[in-house]
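The values are calculated or read from the model by the stated rules, or taken from the named source; none is laboratory data. In this text the structure is predicted, and so the values were computed from the model without any measurement. Heads up, the Cβs are rebuilt from the backbone with ideal geometry, glycines too, and the neighbour counts pull from every protein chain shown. We work out accessible area using only protein heavy atoms, side chains counted, and drop any ligands, DNA or RNA first. Shrake-Rupley method; radii C 1.70, N 1.55, O 1.52, S 1.80 Å.
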Amino acid sequence: MPPSLHAAKLARLNDQARLPSGAHVLIAMALVVTKWDRYRRTRKTLRNLEQHQLEDVGLSRHDAFIETQKPFWKD
């Protein structure tokens, strides 16, 4: 969906006195899924870093391996 449509929908929700109760649940779910996706993408990227890149961020290969083995929902 183009960003302009998202902006229009958000503007319409902001015009309401309060969000519908179902919207709160959906927003909370979207935030959780977004956080899980960020963890997954970060760990995937970490798995593909070369040794000198790991050293740049202060991680050993072992530390990176441990992190990449965590499930997507773990912080």
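For residues in segment 56-73 being surrounded by fewer than 10 Cβ atoms within 10 Å (Cβ to Cβ) and either assigned to a loop (DSSP other than H, G, I, E, B) or at pLDDT below 95 (or both), which is farthest from the chain's Cα centre (by Cα)? If you could, list the steps in order and put the result at the bottom.
First pass over segment 56-73, keeping only residues surrounded by fewer than 10 Cβ atoms within 10 Å (Cβ to Cβ): 58, 62, 71.
From what is left, the residues that are either assigned to a loop (DSSP other than H, G, I, E, B) or at pLDDT below 95 (or both) are 58, 71.
Working: G58: 22, P71: 14 Å.
Taking the candidates together, the pick is G58.
Condition check: of a type in the set (K, R) and open to solvent by 70 Å² or more (accessible area, probe 1.4 Å). Does R12 satisfy that? Please lay out each step first, then the result.
Values: of a type in the set (K, R): yes; open to solvent by 70 Å² or more (accessible area, probe 1.4 Å): yes.
It is true that R12 is of a type in the set (K, R) and open to solvent by 70 Å² or more (accessible area, probe 1.4 Å).
So which pairs qualify, if the first residue must be in segment 20-48 and within 16 Å of D75 (Cβ to Cβ), the second must be open to solvent by 80 Å² or more (accessible area, probe 1.4 Å), the Cβ gap must be under 6 Å, and the two must be at least 6 apart or on different chains?
Going by the 6 Å Cβ cut-off, the qualifying pairs are W36/F72; W36/W73; Y39/F72; R40/F72.
Those residues that are open to solvent by less than 80 Å² (accessible area, probe 1.4 Å) and either touching a strand residue (DSSP E or B) at 6+ places or on another chain (Cβ under 7 Å) or not in a helix (DSSP H, G or I) (or both), I need them from segment 30-55; list them, please.
Listed by number, the list holds a single entry, L49.
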